[in-house]
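Trainee: Pasting a structure here, questions to come.
Throughout, read-outs are computed from the coordinates displayed, never taken from laboratory work. The structure displayed is predicted, hence computed values, not measured ones. Neighbour counts are summed over all protein chains in view; Cβ atoms, including those assigned to glycine, are modelled from backbone coordinates with ideal geometry.
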Amino acid sequence: MKVRGTKAQSVPRPLGSGLVAVALFAISATTTQAQWPQFGGPNRNFIVDCKGLAEKWPEEGPKKLWSRELGDGYATILVDGDRLFTMYRTNEDEFTVALDAKTGKTVWEHKNASPFTKLMAEYGPGPHTTPLIVGDRLYTIGTNAVMHAYDKKTGKVLWKHDLPAEYNAPVPGRGYGASPIAYKNTVIVVVDRKREEGEGGRGQEPPKPEPGKGQSLMAFDQETGSVVWKAQDFDMSYASPILIKFDGQDQLVVLSGNELAGLNPENGDLLWTHTSKTQFGANLTTPYWNNKDILFCSAAYDSGSRAIKLTKKDGKIVPEELWYSRKMRIHHANAVGAGDHVYGSSGDFGPAFFMTVELPTGKIGWRERGFSKATCVLAGGKMVILDEDGNLALATATPEGFTVHSKCKLLEKYAWAAPTLVGTKLYVRDRKNIMALDLG
């Protein structure tokens, strides 16, 4: 999870919310009633089947249902019936909070001590990850890599793991950032291990762990918190893992500091790995899966975007890099896809462009100004866009062009948490406020 050998230590970037980003297919044997149960929504890809959105908003913006102060942080907002769940910070304490979806009033909250460093505070000390709802439980990981399982109705702590204290896990320079993911009866999280100076690191071959010692990823039993498996020894990044299905097999896909890899989510065994000749860069954005055979990943600074095609040869999964381009560099935003095209906000130090790329070929389509770095949700043919300056927009994006139907200023800088859309209700936040809007 450490970012080595990049400019990431001197520039802003929110994480898991924050570091914001995407896949098209999520798998869990546990059925949940939550409408937005995890980072990226129902399918962990920021794509929802939504009807009834207005074609245009009034000049002042969509109808505001409620707004209230919340606290610092980039954790996105979960929706489960009449409850919302997220995380925020006040001074050196982090809070997991349940809110009434109709009023925004606090139902319960739990405080956890979370001191931060000067580096963490430079652009906001988090929390960066988004919680996870599975059945009656809520799982969270704070800035200092302390994991909790709660009873989602009461806020009672069911179990807890201090990952640095129990497993010698590192706390990344700007805070822990990879959101947890559910698979069958487990919760899978990035853990990693502290490394000696010069060991592993970006651009180097990952060290071979002693048998049974690898713990880049760990799976905990959802009910008890006991360790089900731990595996691999990658130099992990801030990007959240995703679950895909390829050739009938479930895979956990992780973007580490050096490579893209597919693991067996049953036990953490390595299925395939791809190391590019060019740097993967500051890996904040979750990979995108086209639900067929291509993975897209993008990183800022000295990196860019690439597409990796999976094929089956002689009984083994073989990754092949189709293309690489520095023209699209997603920083702390997310990518969404439709058909053969991927859409997202590209930019790090310079201007940001909302743009599209053809997934099989890497051909760049249109590039539009008008937004600072932005997150987005694709819903019913429309795109809801929130940029870091707090501007909210309703747009249509197709391979042929990009049309903004409405745009308004709602939040303050930095609005790095991606929006949450359930039905026509939109929930957004910045580092001070949270609000509910009706886009119908």
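Trainee: Determine, for each peptide in 49-56, 186-193, the mean count of other beta carbons within 10 angstrom over its residues, then list the peptides with the highest first.
Mentor: 186-193, 49-56
Trainee: How do the peptides 166-175, 132-141 rank, highest first, by the average count of neighbouring beta carbon atoms within 10 Å per residue?
Mentor: 132-141, 166-175
Trainee: What whole-number distance in Å separates the alpha-carbon centres of segment 229-278 and segment 43-92?
Mentor: Using only Cα atoms, the two centres lie 30 Å from each other.
Trainee: Note down the magnitude of the dipole of segment 7-438 about its Cα centre, charges +1 on Lys and Arg C-beta and -1 on Asp and Glu C-beta and zero elsewhere, to the nearest 20 debye.
Mentor: My answer is approximately 680 debye.
Trainee: Given H placed 1.01 Å from N in the peptide plane, which residues other than close sequence neighbours of residue 143 have an amide H under 5 Å from its amide H?
Mentor: Hits under the 5 Å cutoff: 128.
Trainee: Then there's this: If I take R0 = 22 Å and measure r between the Cβ atoms of residue 51 and residue 340 in this structure, what FRET efficiency does the formula 1/(1 + (r/R0)^6) give, to the nearest 0.05?
Mentor: Efficiency, from the Cβ-Cβ distance: 0.35.
Trainee: Please report the Cα spread of the chain along all three principal axes, rounded to whole Å, starting with the longest.
Mentor: On the principal axes, the chain reaches 60, 50, 42 Å in Cα extent.
Trainee: Here's something else I'd like to know. Between residue 136 and residue 432, take the C-beta separation as r, use R0 = 41 Å, and let me know the FRET efficiency to the nearest 0.05.
Mentor: So, using R0 = 41 Å, E works out to roughly 0.85.
Trainee: Pulled fully out, how much extra length does the chain show between residue 266 and residue 293, if you take 0.36 nm times their separation in residues and subtract their Cα-Cα distance?
Mentor: That pair, residue 266 and residue 293, stretches by 7.6 nm at full extension.
Trainee: Report the local net charge at residue 219: Lys and Arg +1, Asp and Glu -1, summed over other residues whose C-beta lies under 14 Å from its C-beta.
Mentor: Here the charged neighbours net out to -3.
Trainee: Check residue 246: other-chain or 5+ apart residues with amide H under 5 Å from its amide H, H built from backbone geometry?
Mentor: The answer is 251.
Trainee: Which length gain, in nm to one decimal place, applies between residue 123 and residue 156 when the Cα-Cα distance is subtracted from 0.36 nm times their residue separation?
Mentor: 8.7 nm
Trainee: Please build a GNM for the chain, connecting alpha carbons under 10 Å apart, and tell me which residue among 322, 255, 426 fluctuates the most.
Mentor: Of 322, 255, 426, the most mobile in the Gaussian network model is 322.
Trainee: With all distinct Cα pairs included, what does the Kirkwood hydrodynamic radius of segment 85-176 come out to in Å, to one decimal, could you say?
Mentor: Its Kirkwood hydrodynamic radius stands at 13.6 Å.
Trainee: Moving to a separate point now. Mind sorting 414, 324, 238 by how few other Cβ atoms lie within 10 Å of their own Cβ, fewest first?
Mentor: Going from least to most buried by this count: 324, 414, 238.
Trainee: Pop out the ³J(HN,Hα) list for segment 432-440 in order, Karplus 6.51 cos²θ - 1.76 cosθ + 1.60 with θ = phi - 60°, rounded to Hz; leave Gly and Pro as x.
Mentor: 9, 10, 10, 8, 10, 10, 10, 8, x
Trainee: Using a Förster radius of 45 Å, what is the FRET efficiency between residue 185 and residue 403 based on their Cβ-Cβ separation? Nearest 0.05, please.
Mentor: It comes to 0.50.
Trainee: Under 10 Å, Cα contacts only: if you run a Gaussian network model on the chain, which one of 246, 353, 234 comes out with the highest mean-square fluctuation?
Mentor: 246
Trainee: Would you mind putting 313-321, 401-409, 86-94 in packing order, based on average other-beta-carbon counts within 10 Å, highest first?
Mentor: Going from most to least packed, we get 86-94, 401-409, 313-321.
Trainee: Which aspartates and glutamates have a Cα less than 19 Å from the Cα of residue 413, not counting those fewer than 8 places away in the same chain?
Mentor: Reachable aspartates and glutamates: 60, 69, 72, 122, 348, 387, 388, 389, 430.
Trainee: Filter the cross-link list 230/316; 312/425; 184/312; 292/327 down to pairs whose alpha-carbon distance in this structure exceeds 32 Å.
Mentor: Distance filter (> 32 Å) returns 312/425.
Trainee: Turning to a different aspect of this structure: Once you have the Cα-Cα distance between residue 313 and residue 366, take 0.36 nm times their residue separation minus that, and quote the gain in nm to one decimal.
Mentor: 15.5 nm
Trainee: Still on this structure, please answer the following. Can you compute 3J(HN,Hα) from phi for each residue in segment 341-358, using the Karplus curve 6.51 cos²θ - 1.76 cosθ + 1.60 with θ = phi - 60°, rounded to whole Hz and x for Gly and Pro?
Mentor: 10, 10, 10, x, 9, 10, x, 9, 7, x, x, 9, 10, 8, 8, 10, 9, 7
Trainee: While we're looking at this one, here's another question. Hey, can you grab everything whose amide H is under 5 Å from the amide H of residue 158? Only 5+ residues off in sequence or another chain; H modelled, so Pro and N-termini drop out.
Mentor: Those lying under 5 Å, H to H, from residue 158 are 149, 150, 151.
Trainee: Rounded to the nearest 500 deg cm²/dmol, what is the calculated helix-only ellipticity per residue at 222 nm for the chain, with -39500 (n - 2.57) per DSSP H run of length n ≥ 4?
Mentor: -500 deg cm²/dmol
Trainee: How much net charge surrounds residue 85 when only the other residues with a Cβ under 13 Å from the Cβ of residue 85 are counted, with Lys and Arg +1 and Asp and Glu -1?
Mentor: That works out to -1.
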